[in-house]
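Colleague: Supplied in structure tokens, the structure appears directly below.
The values are calculated or read from the model by the stated rules, or taken from the named source; none is laboratory data. Note that the structure is a prediction, hence the values are computed from the model and not measured. Cβ coordinates were reconstructed from backbone atoms using ideal geometry, including for glycine residues, and neighbour counts include every protein chain displayed.
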Amino acid sequence: MRLDGRLLVVFDGTCALCNRMVRWFLRRDRLDRLRFTASGSAEVAALLARHKIGIPELEAGPNTILVVRDCGEAAECVLVRSDAVLALLGELPQPWPSVAAALCWIPRPLRDLGYRLVARWRYRIWGRLESCPLPAPEERVKFL
């Protein structure tokens, strides 16, 4: 799967927080730099296998967002947790790249600790959806 330089965002389709986050990025992606897919797709399973990322954890829903840079190319790379979020912010119009640059000053272990705490409590706070919601017709081009 080739995305012409766009980032691929792999998210938990049944997580209410994750779906809100996807909507937030969709509204701000005016430069058309992002594509989205839910973690349950066959393409995601192949991607995870290529990068030796544990598939069993996906049965209960992934505990992290995945961002794939150069998807389908030799230089393909998968970012997780706070690095994934910073990469996404960097693709949006200003002021978001500046926010990402400022957050980079926080050491990764601290950023990831905050990320893990939110991931651990996300279902309890924001809830779980029965199924992955369908995107609006004008947004479908951004989903795989």
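Colleague: Looking at ASP32, ASP4 in this structure, which one is at pLDDT 90 or above, of a type in the set (Asp, Glu) and in a loop (DSSP other than H, G, I, E, B)?
Modeller: So the residue among ASP32, ASP4 that is at pLDDT 90 or above, of a type in the set (Asp, Glu) and in a loop (DSSP other than H, G, I, E, B) is ASP32.
Colleague: Look through segment 89-110, keep the residues that are in contact with a helix residue (DSSP H, G or I) (Cβ under 6 Å, 6 or more places away or on another chain) and in contact (Cβ under 8 Å) with a residue 24 or more places away in the chain, and return whichever of them is farthest from ARG35 (Cα to Cα).
Modeller: Within segment 89-110, the match that is farthest from ARG35 (Cα to Cα) is TRP96.
Colleague: Taking the residues in segment 16-31 that are touching a helix residue (DSSP H, G or I) at 6+ places or on another chain (Cβ under 8 Å) and not aromatic (Phe, Trp, Tyr) as candidates, determine which candidate is surrounded by the most Cβ atoms within 10 Å (Cβ to Cβ).
Modeller: Restricting to residues being touching a helix residue (DSSP H, G or I) at 6+ places or on another chain (Cβ under 8 Å) and not aromatic (Phe, Trp, Tyr), the top hit is CYS18.
Colleague: Checking the conditions here, which among PRO109, PRO93 is surrounded by fewer than 12 Cβ atoms within 10 Å (Cβ to Cβ), under 18 Å from ARG23 (Cα atoms) and out of contact with any Ser or Thr (no Cβ under 7 Å at 6 or more places or on another chain)?
Modeller: After ruling out the rest, the residue left standing is PRO93.
Colleague: Restrict the check to segment 97-111 and report whether at least one residue is of a type outside the set (Val, Ile, Thr), touching a strand residue (DSSP E or B) at 6+ places or on another chain (Cβ under 9 Å) and assigned to a helix (DSSP H, G or I).
Modeller: No, segment 97-111 contains no residue that is of a type outside the set (Val, Ile, Thr), touching a strand residue (DSSP E or B) at 6+ places or on another chain (Cβ under 9 Å) and assigned to a helix (DSSP H, G or I).
Colleague: Just to be sure, is ASP12 at positive phi and at pLDDT 80 or above?
Modeller: So ASP12 fails the test.
Colleague: Oh, and also: Tally time: how many residues in segment 113-142 are over 30 Å from ASP4 (Cβ atoms), free of Cβ contacts under 8 Å to residues at least 60 places away in the same chain and acidic (Asp, Glu)?
Modeller: 0
For (1) surrounded by 16 or more Cβ atoms within 10 Å (Cβ to Cβ); (2) modelled with pLDDT of 95 or more; (3) at positive phi, each residue gets a yes or a no:
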{"residue": "LEU58", "(1), (2), (3)": "yes, no, no"}
{"residue": "VAL68", "(1), (2), (3)": "yes, no, no"}
{"residue": "TRP105", "(1), (2), (3)": "no, yes, no"}
{"residue": "ILE125", "(1), (2), (3)": "no, no, no"}
